[in-house]
Amino acid sequence: MRSHLPPALPLWSLLLPALALGALAASQGGTPGGWALAGVGACLVAAVMSAVHHAEVVAHQVGEPFGTLMLAVAVTVIEVALIVSLMLAGGAGATALARDTVFAAIMIVVNGVVGLCLLVGGLRHRVVAFRVEGTSPALAVLVALSTLTLVLPVFTTSAPGPTFSAAQLMFAGLVSLTLYGAFVFVQTVRHRDYFLPVDAGDDRHGHAEPPGAAVAWLSLGLLMVCLVAVVGLAKALAPVIEAGVSAAGAPKAVVGVVVALLVLLPETVAAVRAAAHNRLQTSINLALGSALASIGLSIPAVAVLSLWFPHPLLLGLAPKDLVLLVLSFVVATLTLAAGRATVLQGAVHLVLFVVFLFLAVVP
């Protein structure tokens with residue numbers, strides 16, 4: 001019997017979200033261990049692959065940069081929910097969770113995702129091109145948001161330690177939301193063409209026809225299911241990761257790094273696949289958009305949460321992390337200022353990413 005499934009939605013892309021959701025429901029009874037842990041990990045990977053497929057279907061229907069923006073915002077909204085739930089459950093031990101998660105997300109996307117995309121694109125196409133008029137404003141907003149929320153608390157004096165006072169935190173949340181809203185307006189309305197792939201006029205997804213509204217809506221729903229499963233399964237794995245980190249004697253911030261890596265998997269895979277097809281602008285839209293959404297949505301949520309959180313929130317970075325943040329932004333500025341890049345720039349970003357991971361484990 002001939003299948004009535006649309007070509008854009010193969011059978012596996014319909015089955016894997018259900019499988020991941022089932023694994024998420026089964027893992028709610030307690031911390032997985034042994035074979036159950038391996039099953040949760042396998043379902044997590046399955047959810048990531050399915051999420052990437054459905055994100056590409058939706059992006060093909062709505063066009064750029066709406067597709068990448070949708071994936072970045074969807075992942076970040078669920079990530080914020082995860083941060084909030086962990087903060088409420090963690091008590092005094094979770095005062096630095098928002099800072100560690102946001103900083104890890106910035107380092108992962110600015111160095112890890114961008115570096116991997118440049119390396120893959122450079123190896124396959126020698127020189128990759130992107131629009132400076134789109135990447136430079138995005139990076140400028142990211143630098144401003146990062147400095148206002150992660151650097152400034154180290155130097156303010158209204159509250160002791162690397163923290164904001166209540167008024168300062170509310171103001172930082174409002175400024176973050178305002179800047180992110182302005183960026184989204186420019187990206188999607190005012191100067192949308194700045195964020196389109198360089199070859200958008202010549203090769204739009206290989207001249208393939210859009211999948212149609214019905215298929216796109218179905219993929220959007222399945223994308224949401226996959227993202228919920230990814231974050232939920234990552235949260236289920238968090239106690240196991242925490243125990244492993246403690247057993248290894250590594251700093252507690254490593255837990256935030258590992259969880260951020262898991263949550264950002266869908267965007268990373270989608271960005272690398274776009275780079276492999278010589279659509280580096282799409283990759284950069286995903287990378288920088290993820291970092292912007294992480295700050296622009298997380299900090300306002302944390303600011304509101306702080307009204308009921310009994311402990312001061314640590315937002316200011318340690319000196320080591322400040323150096324890494326500044327170095328990453330300087331290198332990213334040099335990389336994204338030319339409009340063209342090779343494997344060399346990718347190698348530099350990946351080395352900085354490895355340095356970040358190493359110093360997170362061995363501070």
Where a residue in the range 267-287 is under 24 Å from A46 (Cβ atoms) and its partner, wherever it lies, is outside any helix (DSSP H, G or I) and of a type in the set (D, E, K, R), with Cβ under 8 Å and at least six apart: T282/E64
Residue that is in contact (Cβ under 8 Å) with a residue 24 or more places away in the chain and under 21 Å from V348 (Cα atoms), where the choices are V154, V141, V110: V110
For the range 61-69, state whether one or more residues are among the polar types (S, T, N, Q), out of contact with any Asp or Glu (no Cβ under 9 Å at 6 or more places or on another chain) and at pLDDT 65 or above. yes
Can you find a residue in the range 251-271 that is of a type in the set (S, T, N, Q) and farther than 16 Å from V52 by Cβ? no
Being out of contact with any Asp or Glu (no Cβ under 6 Å at 6 or more places or on another chain), among the aromatic types (F, W, Y) and farther than 18 Å from A276 by Cβ: is that true of F185 here? yes
Mind checking which residues of the range 152-162 are assigned to a helix (DSSP H, G or I) and surrounded by fewer than 18 Cβ atoms within 10 Å (Cβ to Cβ)? L152, V154
Within the bounds of the range 230-248, is there any residue that is under 20 Å from V73 (Cβ atoms), among the β-branched types (V, I, T) and either touching a Pro at 6+ places or on another chain (Cβ under 6 Å) or assigned to a helix (DSSP H, G or I) (or both)? yes
So in the range 254-294, with the set limited to residues that are farther than 14 Å from A105 by Cα and surrounded by fewer than 23 Cβ atoms within 10 Å (Cβ to Cβ), which one is modelled with the lowest pLDDT? V269
So how many residues does the range 173-193 have that are under 19 Å from I299 (Cα atoms) and exposed (fewer than 14 other Cβ atoms within 10 Å of the Cβ)? 3
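Return the only residue of L119, L196 being buried (at least 17 other Cβ atoms within 10 Å of the Cβ), at pLDDT below 90 and under 22 Å from T342 (Cα atoms).
L196
The values are calculated or read from the model by the stated rules, or taken from the named source; none is laboratory data. This one's a predicted model, so the numbers in the text were calculated from it and none came from an experiment. Backbone-built Cβ (ideal geometry, glycine too); neighbour counts: all protein chains shown.
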